[in-house]
Amino acid sequence: MAEQTAVIPANKENVVIQAGACSVSVLPEFGGKIASIKLNGHELLQAPLAPVASRSHDMPFDAGDASGWDECLPSVAACTITTANGHAAIPDHGDLWRVHWREINSDASDTSIQLRARCFSLPLELNRRLALSELRGGYRLSLNYKLTNIGDNPVPWSWAAHPLFTAAPGDRILLPSSIKSLRVEGSGGDRLGKNGETTTWPIAKLSSGGTADLSAAQAPDSGIGDKLFAGPLAPHENWCALERPSAGVRIRFQFNPAENPYLGLWICYGGWPERPGPRQTCVALEPATAPVDSLALTGSWSRILDPGRSANWKLHVDLELL
């Protein structure tokens with residue numbers, strides 16, 4: 001499989017942080033997108049399906065480049081909710097991938113960047129600091145988040161990381177051994193079942209008969225597109241990883257289940273978008289606040305942020321050299 005290359009728009013603002021043989025490129029103008037994570041010449045993120053360009057407030061996610069790493073806030077799925085200020089329509093994959101993020105220069109350096117962005121559907125502001133460091137045997141990308149309610153009334157919210165890592169046959173998804181089942185949010189052709197049903201991990205029964213090893217990446221023409229959730233997670237279930245022997249790296253996420261009790265898993269091997277043109281071949285490991293994509297679906301996981309209050313969380317992405 002040919003190596004994918006992230007395409008950063010010419011003559012557009014971008015920021016690169018670097019440590020040793022690892023570099024991270026960020027596009028503040030385009031949703032604060034992490035457009036590239038490159039290690040020893042290997043691009044680790046999904047390449048754009050279309051040119052990176054300006055986004056409207058209501059365009060679907062598949063009408064854009066659908067690449068790299070975005071932040072889904074205040075919902076992953078498009079939905080309408082009722083708040084103290086009336087109805088709020090939240091677009092596909094949330095607000096923040098659509099807006100210009102502002103760089104905060106107070107701690108600017110060659111190895112870190114801090115950005116801030118405001119939602120438009122709800123009065124929420126997200127501050128995200130990225131820091132890249134070299135570790136023994138690899139590199140660490142640290143992400144620190146601060147979400148603030150800048151409005152006058154309590155606001156519901158949910159968040160999920162949306163890092164699309166390119167994948168190829170021979171790659172493997174690793175989860176804690178105690179995780180035995182996953183909730184199906186969506187599965188192309190209902191191959192793993194319908195929304196709300198449960199499938200087993202890592203060997204799943206297919207609706208059509210037979211089984212599939214969900215931990216093993218498949219060929220890009222497999223037509224697979226599945227969104228799954230694990231959780232609520234136990235304290236020791238605080239990690240997940242994508243092992244990529246072809247790139248000589250294990251991409252390991254570490255996070256706090258007390259902050260993000262769920263893990264979304266998007267596995268796509270040519271199954272999305274469902275239209276003519278290029279399709280994703282990627283795995284997304286998505287620490288999340290909720291086990292569903294829609295903020296309109298409420299439960300024990302639902303979160304409310306009071307006026308002037310903030311919520312903080314963090315995660316680490318370790319690039320462990322194989």
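The values are calculated or read from the model by the stated rules, or taken from the named source; none is laboratory data. Computed from a predicted model, the values in this text were never measured in an experiment. So basically every Cβ, Gly included, is an ideal-geometry build from the backbone, and we count neighbours across all protein chains shown.
Within the range 167-178, can you find the residues that are in a loop (DSSP other than H, G, I, E, B), hydrophobic (A, V, I, L, M, F, W, C) and farther than 25 Å from Asn312 by Cα? Break it down stepwise before answering.
Of the residues in the range 167-178, the ones in a loop (DSSP other than H, G, I, E, B) are 167-168, 170, 175-178.
Within this subset, residues satisfying the condition of being hydrophobic (A, V, I, L, M, F, W, C) are 167-168, 175.
Those that are in a loop (DSSP other than H, G, I, E, B), hydrophobic (A, V, I, L, M, F, W, C) and farther than 25 Å from Asn312 by Cα: Ala167, Ala168.
Which one is modelled with the highest pLDDT, of the residues in the range 79-99 that are loosely packed, with under 15 Cβ neighbours inside 10 Å and either of a type in the set (Ser, Thr, Tyr) or part of a loop (DSSP other than H, G, I, E, B) (or both)? Spell out how you get there, then give the answer.
First, the residues of the range 79-99 that are loosely packed, with under 15 Cβ neighbours inside 10 Å: 80, 82, 84-87, 89.
From the residues that got through so far, the ones that are either of a type in the set (Ser, Thr, Tyr) or part of a loop (DSSP other than H, G, I, E, B) (or both) too are 80, 82, 84-85.
Working: Thr80: 98, Thr82: 95, Ala84: 91, Asn85: 89.
Among those residues, the one meeting the criterion is Thr80.
Gly277 passes all but one of (1) at positive phi; (2) touching a strand residue (DSSP E or B) at 6+ places or on another chain (Cβ under 8 Å); which number fails?
(2)
What number of residues within the range 146-183 are surrounded by fewer than 16 Cβ atoms within 10 Å (Cβ to Cβ), among the small types (Gly, Ala, Ser) and either closer than 28 Å to Pro48 by Cβ or out of contact with any strand residue (DSSP E or B) (no Cβ under 7 Å at 6 or more places or on another chain) (or both)?
Counting residues in the range 146-183 that are surrounded by fewer than 16 Cβ atoms within 10 Å (Cβ to Cβ), among the small types (Gly, Ala, Ser) and either closer than 28 Å to Pro48 by Cβ or out of contact with any strand residue (DSSP E or B) (no Cβ under 7 Å at 6 or more places or on another chain) (or both) gives 3.
Looking at (1) closer than 22 Å to Ala168 by Cα; (2) at pLDDT 95 or above, which one does Lys33 not meet, given that it meets all the others?
Result: Lys33 fails condition (1) only.
Just name the residue that is farthest from the chain's Cα centre (by Cα) out of those in the range 62-76 that are outside any loop (DSSP other than H, G, I, E, B) and more than 19 Å from Val26 (Cβ to Cβ).
Selected residue: Ala63.
Select from the range 136-166 the residues that are part of a strand (DSSP E or B) and among the polar types (S, T, N, Q) and list them in ascending order.
Ser142, Asn144, Thr148, Asn149, Thr166
Is it the case that some residue within the range 224-244 is touching a helix residue (DSSP H, G or I) at 6+ places or on another chain (Cβ under 8 Å), modelled with pLDDT of 95 or more and of a type outside the set (D, E, K, R)?
So far as the range 224-244 goes, yes, one or more of its residues are touching a helix residue (DSSP H, G or I) at 6+ places or on another chain (Cβ under 8 Å), modelled with pLDDT of 95 or more and of a type outside the set (D, E, K, R).
Can you tell me which residues in the range 205-228 are surrounded by 21 or more Cβ atoms within 10 Å (Cβ to Cβ) and either assigned to a loop (DSSP other than H, G, I, E, B) or among the aromatic types (Phe, Trp, Tyr) (or both)?
Leu214, Ala217, Gln218, Pro220
Mind telling me which of the residues Pro257, Pro245 ends up being of a type outside the set (A, V, I, L, M), touching an Asp or Glu at 6+ places or on another chain (Cβ under 8 Å), without any contact (Cβ under 8 Å) to a residue 60 or more places away in the chain and over 29 Å from Gly189 (Cα atoms)?
Pro257
Does the range 116-147 hold any residues that are more than 20 Å from Phe255 (Cα to Cα) and among the polar types (S, T, N, Q), and which are they?
Residue satisfying the conditions is Ser121 alone.
Given the options Gly231, Gly270, name the one that is crowded, with 16+ Cβ neighbours inside 10 Å, in contact with a Phe, Trp or Tyr (Cβ under 6 Å, 6 or more places away or on another chain) and more than 23 Å from Asp95 (Cβ to Cβ).
Gly231
Going through Gly299, Gly308, Gly277 one at a time, which residue ends up being free of Cβ contacts under 8 Å to residues at least 12 places away in the same chain, surrounded by fewer than 17 Cβ atoms within 10 Å (Cβ to Cβ) and within 30 Å of Ala89 (Cβ to Cβ)?
Gly299
Working carefully through the options Pro287, Pro257, find the one that is in a strand (DSSP E or B) and crowded, with 17+ Cβ neighbours inside 10 Å.
Among Pro287, Pro257, only Pro287 is in a strand (DSSP E or B) and crowded, with 17+ Cβ neighbours inside 10 Å.
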